[in-house]
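The values are calculated or read from the model by the stated rules, or taken from the named source; none is laboratory data. A quick note: this is a predicted structure, and the numbers were derived from the prediction, not measured. Here Cβ is always computed from backbone atoms with ideal geometry, including for glycine, and neighbour counts include all displayed protein chains. Heavy atoms of the whole protein, side chains included, go into the accessibility calculation; ligands, DNA and RNA do not. Shrake-Rupley method; radii C 1.70, N 1.55, O 1.52, S 1.80 Å.
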Amino acid sequence: MTTHKAAVLEQGGPLGKTKRIGPEGVTDIKNHLTGYVVVQAESHEAAARLFENHPHFTIFPGEAVEVMECLPIPGM
């Protein structure tokens, strides 16, 4: 957060339990997401590179960071 603070648009935070809503109703599910942060970068690849050597990799060995691109809503 400190090294790349200029790229951070929203600090985010921890995530809690997950619910799935579909035609059959609401069900409890699990996923591996534990937190989020919103960053801005020149490309999807550049955003991913912001998380190389992330400190959590030493705190939580075997963990990873997933980077998803926020796309515009079609027709907006």
Of all residues in the range 8-46, count the ones that are touching a helix residue (DSSP H, G or I) at 6+ places or on another chain (Cβ under 8 Å) and of a type in the set (A, V, I, L, M).
2
Here is a list of conditions, (1) modelled with pLDDT of 95 or more; (2) surrounded by fewer than 10 Cβ atoms within 10 Å (Cβ to Cβ); (3) in a loop (DSSP other than H, G, I, E, B), and Leu71 meets all of them except one; can you say which number that is?
(1)
Take the residues of the range 16-34 that are closer than 25 Å to Leu71 by Cα and open to solvent by less than 40 Å² (accessible area, probe 1.4 Å): which is farthest from the chain's Cα centre (by Cα)?
Gly22
Here's a check for you: in the range 55-68, which residue that is part of a loop (DSSP other than H, G, I, E, B) and not aliphatic (A, V, I, L, M) is most open to solvent (accessible area, probe 1.4 Å)?
Glu66
Which listed residue is of a type in the set (Asp, Glu), assigned to a helix (DSSP H, G or I), closer than 18 Å to Thr3 by Cα and open to solvent by 100 Å² or more (accessible area, probe 1.4 Å), from Glu45, Glu52
Glu45
Qualifying positions in the range 25-42 - modelled with pLDDT of 95 or more and in a loop (DSSP other than H, G, I, E, B):
Gln40, Ala41, Glu42
